[in-house]
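What follows is a set of notes on a single structure, which appears directly below.
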């Protein structure tokens with residue numbers, strides 16, 4: 001189904017987008033929320049005037065499935081950042097011929113690629129190859145609002161053309177891949193691993209399972225059922241709230257990667273842990289390993305390490 005064009009004009013100010021918004025929770029500043037931006041735009045504000053608000057969004061996507069008007073709020077932020085970028089374009093890889101690989105390909109994010117042993121275990125579990133070009137520079141440029149050279153994007157997509165299935169660790173990149181490669185079988189890393197019987201058998205009833213929010217919220221209607229079934233079958237807890245929105249740590253946001261002012265990921269992690277009865281934390285996003293390890297004395301493991 002084709003997503004509607006990004007529009008702020010349909011916002012009624014219902015505030016449902018604030019339910020799991022990490023920026024609202026930490027700042028209580030309505031100007032920094034989807035509601036605040038939409039109302040400002042409705043009254044003629046420019047992207048430059050909204051610069052602070054645009055820069056504050058972590059792109060966790062929790063606002064999108066909560067919006068009764070179905071406004072594509074992540075697309076709206078990305079469009080505003082193209083008009084008012086967070087930072088100059090990161091260095092892009094030079095365009096060159098890229099070998100194509102068939103079968104399943106993993107596109108690791110920065111944190112996953114930094115752990116070669118974990119990445120090798122995941123590739124073996126999925127029977128997958130590793131994409132030589134993970135598109136990390138493209139993802140960061142998109143998130144920052146910087147221009148991606150067309151030749152660079154063509155090079156990146158050409159290397160994925162022959163793959164029968166793509167598994168992406170970066171939730172924002174996954175969202176864009178669905179738009180760039182319609183019809184291609186594309187899964188998040190969390191979905192690909194949690195669907196494996198060998199991985200599911202190692203999950204425990206007293207686990208707190210932390211879903212990567214960007215990929216989840218981009219396909220919320222379908223994936224909420226997957227994680228609800230996982231929760232019921234195994235008895236574990238997740239970072240979903242009562243509205244089935246995934247509370248994020250924000251550790252993988254561009255603000256952290258670009259060294260800009262970012263939300264307190266540890267505070268977000270404590271919010272996720274609050275009131276939970278668990279013996280172990282299992283995370284889908286490798287960025288979250290260090291965040292949770294800093295705020296709990298319980299074991300913290302990546303899903304790919306089970």
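Laboratory data are not the source of any read-out in this text; all were calculated from the coordinates shown. Worth saying up front: this structure is predicted, and the values here are computed from it rather than measured. Using ideal geometry, Cβ is built from the backbone for each residue, glycine included, and neighbour counts are taken over all protein chains shown.
Miscellaneous remarks
- Restricting attention to the chain, close to 5% of DSSP beta bridges with both partner residues there are antiparallel.
- Each of 297, 288 was scored by other Cβ atoms within 10 Å of its Cβ. Arranged with the fewest first, they read 297, 288.
- The chain: relative contact order in percent, alpha carbon pairs under 8 Å with at least 6 residues between: 18
- Fully extending the segment from residue 294 to residue 274, taken as 0.36 nm per residue of separation minus the present Cα-Cα distance, adds 5.7 nm.
- Three-way shape call for the range 103-193 based on the alpha-carbon gyration tensor, with the a/c threshold at 1.5: prolate
- Where labels lie 7 Å past Cα in the beta-carbon direction, separation of residue 10 and residue 258 in nm: 2.8
- When the helices of the chain are scored as -39500 (n - 2.57) per DSSP H run of n ≥ 4 and the total is divided over every residue, the value at 222 nm lands at -11000 deg cm²/dmol.
- Between residue 151 and residue 83, the distance separating the two model label sites (each 7 Å from Cα on the Cα→Cβ line) works out to 3.1 nm.
- Remark: the Cα gyration tensor places the chain in the oblate category, a/c being 1.5 or greater and a/b not exceeding b/c.
- Normalised contact order of the range 196-305, rounded percent, pairs of Cα under 8 Å and 6 or more residues apart: 30
- Gain upon complete extension [residue 231, residue 204; 0.36 nm per residue less C-alpha separation]: 8.7 nm
- Calculated FRET value between residue 117 and residue 46, using beta carbons and R₀ = 45 Å, to 0.05: 0.40
- Using a cutoff of 8 angstrom between alpha carbon atoms and counting only pairs six or more residues apart, the relative contact order for the range 103-193 works out to 36 percent.
- Per-peptide average of other Cβ atoms within 10 Å, ordering 40-52, 238-250 highest first: 238-250, 40-52
- For the residues 182, 108, 213, a GNM of the chain with alpha-carbon springs under 10 Å puts the largest fluctuation on 182.
- Beta bridges by DSSP in the range 196-305, antiparallel share as percent, to the nearest 5: 10
- Global geometry of the range 164-306, whether rounded, prolate or oblate, following the gyration tensor of its Cα atoms and the 1.5 cut on a/c: oblate
- Projected label distance in nm at residue 31 and residue 266, using a 7 Å step from Cα toward the beta-carbon: 2.9
- Residues 278, 216, 156, sorted so that the one with the fewest Cβ neighbours within 10 Å comes first: 278, 156, 216
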